[in-house]
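The values are calculated or read from the model by the stated rules, or taken from the named source; none is laboratory data. Note that the structure is predicted; figures quoted are calculated from it, not measured. Neighbour counts run over all protein chains shown; Cβ positions are idealised from the backbone, glycine included.
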Amino acid sequence: MKRIRTVDLMPGMRIAEDVYSYNNQMILPKNTTLTDKMITRLEFYSVLAIKISVDSLGYDVMADEEEFEETTSYSKKVLSSKQFQEFEANYLHKTEFFQTMINQIIDKKIPLDTDSMYKEVTSLISDNMSSVTVFDMLHNMRQYDDFTYMHSINVALICNIFAKWLDFSSADIETATLCGLLHDIGKVLIPDKIIRKPARLSPAEYNIIKTHTLQGYNILIDYNINDNIKEAALMHHERCDGSGYPLGVNSDRLSAFVKIVAIADVYDAMTAARIYRGPLCPFKVIGIFETEGLQKYDSKYILTFLEHIATTYMNNRVRLSNGKEGDIVFMNRNSLSKPLIKCGKTFIDLSKEPSIYIETFV
């Protein structure tokens, strides 16, 4: 058996041991053959790596090259656009700025200039960008390794849009954005040899990784910044049902900003592209939140987020799991991952077709 990081998993690999969440809930049993949805489920539960049977590592995920090309066609349209190319160049420049500033804060204890940080990250969103454009841009910034700094910028932009959906004041939108930007600052202090260790992590090493929340809080604690930013660094892995860490508290102890960052953090991880496919269709992610996350996240925030994500892609053309193509024409509020699809002259209500789901955009 071999330990594989979750970000490097592929469909067809077989699990060599039972996989549990941080609070000892079984997620997947031993000998399960991984599917795309299962890998995304591991991301949902923040599982960093699992053991894989060596004899399954030769699985040829590129065997059906034509299918791979089809599932990434929407992504390729985005990647080839002039708007994305301009966004990418600006994004990489902002990432270098953010990384330099964070390293100087940690190494040299320079002042934390949140005003500059906010202006730099929000400059990535131009006035003519719709929500769907921003999410398409972020979903496709995946040809680079998913460094902490890039993930933090993604979460900041998602929090910015999310706060606007919640009708937050300008001041609170800024706070939410900065909470997202600095939520993972503690990961900079986690040794890379532990995060990328190919062998089995010991319980002590797992505990070290989980300390990034407290490490982040300790970095920020003495700075004269909004206390919500410090709390977001400490508590973004807490869950409303008490199943999170480091404190294991429930909804009553979590601020609105912590709840927003927690959702944005997981959403960004789950929509990450993989070597075998382009960015995951948001409706698959919505489905996982609906089936497994409604108890873990505040209903006011998670339902608002999922509804707006779904509505963002209204009228988009999609391919269904049965091979048919059509346009999203109506959202089922009780089942947002299962909208009404118009396929030619016929309509398919996915909420009434449990075996059919949206496979990808086209």
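Tabulated values for the structure
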{"item": "Condition broken by residue 243, with the remaining ones in (1) in a loop (DSSP other than H, G, I, E, B); (2) in contact with a helix residue (DSSP H, G or I) (Cβ under 9 Å, 6 or more places away or on another chain); (3) not charged (D, E, K, R) satisfied", "result": "(2)"}
{"item": "Hey, residue 358 in contact with a Cys (Cβ under 7 Å, 6 or more places away or on another chain) and closer than 20 Å to residue 37 by Cβ or not", "result": "yes"}
{"item": "Residue check, residue 39 under 23 Å from residue 151 (Cα atoms), surrounded by 16 or more Cβ atoms within 10 Å (Cβ to Cβ), in contact with a Leu (Cβ under 7 Å, 6 or more places away or on another chain) and among the aliphatic types (A, V, I, L, M)", "result": "yes"}
{"item": "Enumeration of residues in the range 225-262 that are charged (D, E, K, R) and crowded, with 16+ Cβ neighbours inside 10 Å", "result": "230, 231, 238, 239, 259"}
{"item": "Extreme residue, farthest from residue 184 (Cα to Cα), among residues of the range 72-110 that are in contact (Cβ under 8 Å) with a residue 24 or more places away in the chain and of a type in the set (Gly, Ala, Ser)", "result": "73"}
{"item": "Enumeration of residues in the range 1-36 that are in contact with a Leu (Cβ under 7 Å, 6 or more places away or on another chain) and either assigned by TED's automatic domain parsing to the domain that holds residue 270 or part of a helix (DSSP H, G or I) (or both)", "result": "6"}
{"item": "Among (1) of a type in the set (Phe, Trp, Tyr); (2) in the same structural domain as residue 172 (by TED's automatic domain parsing); (3) out of contact with any Asp or Glu (no Cβ under 8 Å at 6 or more places or on another chain), the one test that residue 257 misses", "result": "(3)"}
{"item": "Filtered residues of the range 303-362 (kept if free of Cβ contacts under 8 Å to residues at least 40 places away in the same chain and small (Gly, Ala, Ser))", "result": "310, 321, 323, 326, 344, 351, 355"}
{"item": "Any chance residue 332 is over 30 Å from residue 149 (Cβ atoms), in the same structural domain as residue 226 (by TED's automatic domain parsing), surrounded by fewer than 18 Cβ atoms within 10 Å (Cβ to Cβ) and more than 20 Å from the chain's Cα centre (by Cα)", "result": "no"}
{"item": "Residue in the range 111-120 that is of a type in the set (Val, Ile, Thr) and farther than 19 Å from residue 268 by Cβ present", "result": "yes"}
{"item": "Failed condition for residue 90, given (1) modelled with pLDDT under 90; (2) in the same structural domain as residue 244 (by TED's automatic domain parsing)", "result": "(1)"}
{"item": "Scope the range 220-247; condition in contact (Cβ under 8 Å) with a residue 60 or more places away in the chain and within 29 Å of residue 3 (Cβ to Cβ); matching residues", "result": "237, 243, 244, 245"}
{"item": "Positions within the range 281-310 being small (Gly, Ala, Ser) and touching a Ser or Thr at 6+ places or on another chain (Cβ under 9 Å), in sequence order", "result": "287, 310"}
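Matching residues to (1) in the same structural domain as residue 268 (by TED's automatic domain parsing); (2) modelled with pLDDT under 95; (3) buried (at least 16 other Cβ atoms within 10 Å of the Cβ); (4) of a type in the set (Lys, Arg):
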residue: 135; (1), (2), (3), (4): yes, yes, yes, no
residue: 160; (1), (2), (3), (4): yes, no, yes, no
residue: 172; (1), (2), (3), (4): yes, no, yes, no
residue: 194; (1), (2), (3), (4): yes, yes, no, no
residue: 213; (1), (2), (3), (4): yes, no, yes, no
residue: 216; (1), (2), (3), (4): yes, no, yes, no
residue: 223; (1), (2), (3), (4): yes, yes, no, no
